[in-house]
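Asks: Let me begin by handing over the structure; questions about it come next.
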Amino acid sequence: MRKLVEALKSFGLSEYEAKVLLALIAKGELTAKEVAEYSGVPRTSVYDVIKSLMDKGLVEAYGKPMKFKALNSEDLMRLFSKKVEENLRFLREELPVIERERTEEVKVYRGEIAMDKITELIKNAEGEIVIIASHVPKEIVDALMMTKAKITVCATNADEINADSVYSLRKFKTEFKHGMVLIDDQIVAIFFKDGTSLAVIGSGEDYVLLYKMLAESILSSDLVERVKR
């Protein structure tokens with residue numbers, strides 16, 4: 001009997017639901033009192049359990065006094081088989097989607113679309129933007145004027161940033177090549193603009209954490225100085 005209970009639980013039934021269903025299959029038509037007696041399920045829980053089984057289409061009720069009976073074994077197997085097929089179909093469709101999302105956590109953009117993607121992310125940011133760059137391109141400077149996120153910039157031209165939501169501006173004392181943008185603690189964009197624009201944008205948890213730690217280290221180092229506004 002224990003193995004039957006565990007088998008039914010694998011189809012999403014609770015312990016009590018499995019016991020009540022087995023009692024009805026074994027004994028046929030039962031009142032609520034008899035269900036409690038044969039299943040071992042507390043009488044105070046029987047009605048809720050039976051209602052749940054009825055909602056699942058596994059048990060029927062009829063007559064006065066009310067009696068309950070389970071579907072016959074053939075119909076039960078048909079329902080369980082259908083459920084298995086539906087779950088397998090769902091997994092077959094959805095698991096590859098999750099897998100693709102995992103493999104696409106880091107994307108590379110080239111040409112005009114590279115800077116377009118970064119500026120789009122900046123404009124839509126809601127929390128905080130941290131930029132560390134040798135020189136912030138004009139496209140990014142303009143995008144910062146349109147974001148509501150709190151802005152921290154560390155760059156040779158940090159004093160050009162006059163956005164309303166600027167939180168901190170800092171300048172490098174020494175040369176620092178290329179740049180990175182940390183957006184809402186969720187997305188990191190690494191950009192290069194020597195001739196042909198290139199952007200590497202990642203959203204994986206570990207990927208973002210790595211660059212967040214790097215940003216904090218640089219911002220607190222002797223390489224930078226604060227800019228007075």
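Asks: Run the numbers on the stretch 64-186 and let me know its relative contact order in percent, using alpha-carbon pairs under 8 Å that are six or more apart.
Replies: 23 percent
Asks: Right, next: Among LEU198, LEU21, ALA158, whose Cα projects farthest towards the positive end of the dipole of the chain, with charges put on the beta-carbon of Lys, Arg (+1) and Asp, Glu (-1)?
Replies: Positive-end residue among those listed: LEU21.
Asks: Counting Lys and Arg as +1 and Asp and Glu as -1, what is the net charge of the other residues whose Cβ lies under 12 Å from the Cβ of ILE183?
Replies: -1
Asks: Say each of TYR207 and SER14 gets a label point 7 Å from the Cα, pointing the same way as Cα to Cβ; how far apart are those two points in nm?
Replies: 4.2 nm
Asks: Let me ask something else. Once R0 is set to 30 Å, what does the formula 1/(1 + (r/R0)^6) return for the Cβ-Cβ distance between SER168 and ASP116, expressed as a FRET efficiency to the nearest 0.05?
Replies: E(calc), rounded to 0.05, equals 0.70.
Asks: Cα to Cα, under 20 Å, and not fewer than 8 places away if on the same chain: which aspartates and glutamates meet these conditions relative to LYS148?
Replies: Within reach: ASP116, GLU120, GLU126, GLU128, GLU139, ASP159, GLU160, ASP164, ASP184, ASP185.
Asks: Around VAL5, under 11 Å between beta carbons, what's the net of Lys plus Arg minus Asp minus Glu among the other residues?
Replies: Local charge sum for VAL5: +1.
Asks: Taking 8 Å as the Cα distance limit and 6 or more residues as the minimum spacing, I'd like the relative contact order of the stretch 1-101 as a percentage.
Replies: 24 percent
Asks: Using Cα pairs closer than 8 Å and at least 6 residues apart in sequence, work out the relative contact order for the chain, in percent.
Replies: Across the chain, relative contact order equals 15 percent.
Asks: In whole Hz, what ³J(HN,Hα) sequence does the stretch 38-53 give by Karplus (6.51, -1.76, 1.60; θ = phi - 60°), x for Gly and Pro?
Replies: Whole-Hz 3J(HN,Hα) from phi for the stretch 38-53: 7, 8, x, 7, x, 4, 5, 9, 4, 4, 5, 5, 4, 4, 4, 5.
Asks: According to a simple spin-label model (label point 7 Å from Cα along Cα-to-Cβ), what is the distance in nm between LYS228 and LEU88?
Replies: Calculated label separation equals 7.4 nm.
Asks: Turning to a different aspect of this structure: Of the heavy-atom accessible surface of the stretch 79-168 (probe 1.4 angstrom), what whole percent is carbon and sulfur?
Replies: 49 percent
Asks: Could you compute the net charge surrounding MET213? Neighbours are other residues with a C-beta less than 14 Å from the C-beta of MET213; K and R count +1, D and E count -1.
Replies: Around MET213, the charge tally is -3.
Asks: Excluding same-chain residues fewer than 8 positions from LYS64, which lysines have a Cα within less than 27 Å of its Cα?
Replies: LYS19, LYS27, LYS33, LYS51, LYS56
Asks: Between VAL5 and LYS56, what FRET efficiency comes out of the Förster formula 1/(1 + (r/R0)^6) with R0 = 22 Å and r the beta carbon distance, rounded to 0.05?
Replies: Using R0 = 22 Å, I get an efficiency of 0.85.
Asks: With a probe of 1.4 Å, find how much accessible area the chain has per residue, and write the answer as a whole number in Å².
Replies: 62 Å²
Asks: Of [x] 60; [y] 49; [z] 42, which is the value of percent of Cα pairs over 24 Å apart derived from the coordinates here?
Replies: Calculated percent of Cα pairs over 24 Å apart: the matching label is [x].
The values are calculated or read from the model by the stated rules, or taken from the named source; none is laboratory data. Only a predicted model underlies this, so the values are computations on that prediction, with no experimental measurement involved. Heads up, the Cβs are rebuilt from the backbone with ideal geometry, glycines too, and the neighbour counts pull from every protein chain shown. Accessible surface areas use protein heavy atoms only, side chains included; no ligands, DNA or RNA. Shrake-Rupley method; radii C 1.70, N 1.55, O 1.52, S 1.80 Å.
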